[in-house]
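Following: one structure in structure tokens, then a few remarks.
What follows is calculated from the coordinates using simple rules that are stated; it is not laboratory data. This structure is a prediction, so every number in the text was calculated from the model and none was measured. All Cβ positions, glycine included, derive from the backbone under ideal geometry; neighbour counts span all protein chains shown.
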Amino acid sequence: MTDCEKRHLIFGIKRAAPIVLGYVPVGFALGVLAANAGLTPLQTGMMSLLVYAGSAQFIAVSMLSAAASYPAIIATTFLVNLRHLLFSASLSPYFKEISRKLILFISFFITDESFAVSITDLRERNLSYTYLLGLYVTSYLSWVLSTVMGTAFGNLIPDTKALGFDFALPGMFMALLCMQIKDMKTAFAAVLAGALSVFFLYVLPGNWNVILASVITAMIGVLMEK
Amino acid sequence: MSIDKNYLFLLFGMALVTYLPRLMPALILSKRNIPEVLVKFLNYIPVSVLSALLVPSILVVDDKINISPSNTLLLTSILTFPLAYKIRNMFLTVIAGMIIIVILNRILF
């Protein structure tokens, strides 16, 4: 590893700090629900290791407690996680210098949060793949560990809400959103996407709101550019 | 502790349908020149996604829109936003917001 790659690795690990602050309490909460649904720490940990998708895991656990069929859970997971298509496509221009083999590895770790942080950083700076490894793997480990701990010791944890952790992820999204707002057009896109997302949350069941709001807003954005 | 075969089938199914959408666009698009119109479209994705994730997470509590002061997440977001916009620093924004929400929770409840 060159000096530059080492610096980028450390930068990536540091940039994971707000994600970890957000993932730990949410992962614990998921673990508690999983334990109530009858899952062991090993079963929860395996799910986090292999799937690594917060909202889909919450839905899967609640479907397991309702004794839903496995194909139904898999189908729902697919729909809930379709939004990753957009993240992956948006990151693709920054994967030009990365080998195909490494893309197979790195793209596994794309989540709402890791996408949001990395796309902001990659747009502002030229960063090597080690940055992505640092950011993505740190976030991943915090998620896997906190869901396992939550399942095992869920009932021992203090009230994380009283410590303000419920603002960690919204706060991170807000800071990143501010960095993306550069002119009237992007400000308009932010307002539109937010409104559409709430709208679709109400009119369409099944977590379509993020993907629909983003696709419609980006299409209107393209029209604004002309 | 053991894991039965059915549960493993569930996990592999979930893993596969989650991994493929994460992988395919990056794998297909990264090594070729994408059309100008798609570049413009993708340029609007981060701002749209961030807002689409943020707004419901602070506005909707227990499946209902809550715009009263009892929604401390929303109140904290409104108070933190000017700071977030000015300092453009992810970590400081999160810490400041966490301090504000702890204070608000103490005052309001």
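Brief remarks on what is shown
- Other residues whose C-beta falls under 15 angstrom from the C-beta of A:LEU102 contribute a net charge of +3, scoring Lys and Arg +1 and Asp and Glu -1.
- Annotation: peptides A:105-116, B:74-85, ranked by per-residue average of other Cβ atoms within 10 Å with the highest first, follow the order A:105-116, B:74-85.
- Per-residue average of Cβ from other chains inside 10 Å of A:209-215: 5
- Charge tally in the Cβ shell below 13 Å around A:GLY221, where Lys, Arg are +1 and Asp, Glu are -1, A:GLY221 excluded: +2
- Here the sum of -39500 (n - 2.57) over DSSP H runs of 4 or more residues, divided by the residues of chain A, equals -24000 deg cm²/dmol at 222 nm, to the nearest 500.
- Among the listed pairs A:LYS226/B:LYS31; A:LYS6/A:LYS96; A:LYS101/B:LYS31; A:LYS182/A:LYS226; A:LYS6/A:LYS101, a Cα-Cα separation exceeding 23 Å is found for A:LYS226/B:LYS31.
- Per principal axis, descending, Cα span of the range A:103-226 in whole Å: 55, 40, 28
- Nearest-ten-degree value, helix B:5-29 long axis tilted from longest Cα axis of chain B: 90
- Distant-in-sequence amide contacts of B:VAL61, defined by a placed amide H-H separation under 5 Å and a gap of 5 or more residues or a different chain, comprise B:ASN66.
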